[in-house]
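The values are calculated or read from the model by the stated rules, or taken from the named source; none is laboratory data. Values in this document were obtained by computation on a predicted structure and should not be read as measured data. Neighbour counts run over all protein chains shown; Cβ positions are idealised from the backbone, glycine included.
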Amino acid sequence: MKIIGLTGGIGSGKSTVLAHFKALGAATYIADTEAKKLMNADQELRNDIIKLFGEQAYDNEKLNNAYIASVVFKKAEKLNALNALVHPKVREDFQHFIKNQKADFVIYEAAILFESGSDQFCDYIITVIADSELKIERIMKRDGVSKEQIKERMQHQSADDYKIKKSDFVIRNNHLENTKQQVLTIFKLLKNLKDA
């Protein structure tokens with residue numbers, strides 16, 4: 001089974017692209033979503049997170065996302081330490097996931113695909129990009145946050161140029177119909193590569 005990494009900066013529209021691939025029959029795995037589930041469900045991971053962030057890390061038995069975010073956006077070393085705890089657990093979970101898949105390929109979606117080293121187990125990589133103003137507009141609508149907060153978040157992610165250089169495919173996600181067409185083209189190419 002081929003593993004296709006899907007990444008892109010905040011607001012680029014990775015979820016939209018992923019939904020198109022899923023509709024075409026690809027198996028999909030969203031690393032960020034699964035990481036959050038594991039941070040709530042895996043007792044060993046919970047204990048390690050409490051050691052790192054203190055008791056405030058959990059509120060009513062649930063991960064306190066707002067508190068964690070407020071710490072990691074100010075302290076890069078805390079973010080790195082959190083990633084070092086979470087990524088091995090996500091990789092392990094992904095291995096279990098692919099054992100039960102029958103699709104030709106699985107799309108592994110991760111915002112920090114390169115930063116986490118997850119690109120190393122991908123056969124091909126797709127980066128989703130979009131115009132800067134459009135990304136900001138999307139995030140403001142989705143998360144109800146200010147332009148300044150978005151720009152701060154963007155600083156914590158690798159630049160598009162860096163991702164593009166390391167990718168096999170790039171999807172420019174500015175117009176929905178056009179994006180759908182790009183996904184279909186890449187899907188067909190990947191199927192042909194698998195059969196070759």
For segment 1-20, which residues satisfy the criterion of being hydroxyl-bearing (S, T, Y) and outside any strand (DSSP E or B)? S12, S15, T16
Among D123, D119, which is surrounded by fewer than 16 Cβ atoms within 10 Å (Cβ to Cβ), closer than 22 Å to L190 by Cα and in contact (Cβ under 8 Å) with a residue 12 or more places away in the chain? D123
Here is a list of conditions, (1) in contact with a helix residue (DSSP H, G or I) (Cβ under 8 Å, 6 or more places away or on another chain); (2) surrounded by 15 or more Cβ atoms within 10 Å (Cβ to Cβ); (3) within 25 Å of G13 (Cβ to Cβ), and Y58 meets all of them except one; can you say which number that is? (3)
Name the one entry in D93, D119 that is part of a helix (DSSP H, G or I), touching a Leu at 6+ places or on another chain (Cβ under 7 Å) and either modelled with pLDDT under 90 or not assigned by TED's automatic domain parsing to the domain that holds N40 (or both). D119
Residue ID - nearest to K180 (Cα to Cα), chosen from residues in segment 21-34 that are surrounded by fewer than 22 Cβ atoms within 10 Å (Cβ to Cβ) and either of a type in the set (V, I, T) or under 18 Å from the mean Cα position of the chain (by Cα) (or both): K22
State whether one or more residues within segment 159-168 are at pLDDT below 90, under 16 Å from G11 (Cβ atoms) and not hydrophobic (A, V, I, L, M, F, W, C). yes
Just the residues that are closer than 15 Å to H87 by Cα and either in contact with a strand residue (DSSP E or B) (Cβ under 6 Å, 6 or more places away or on another chain) or among the hydroxyl-bearing types (S, T, Y) (or both), please, taken from segment 32-65. T33, M39, N40
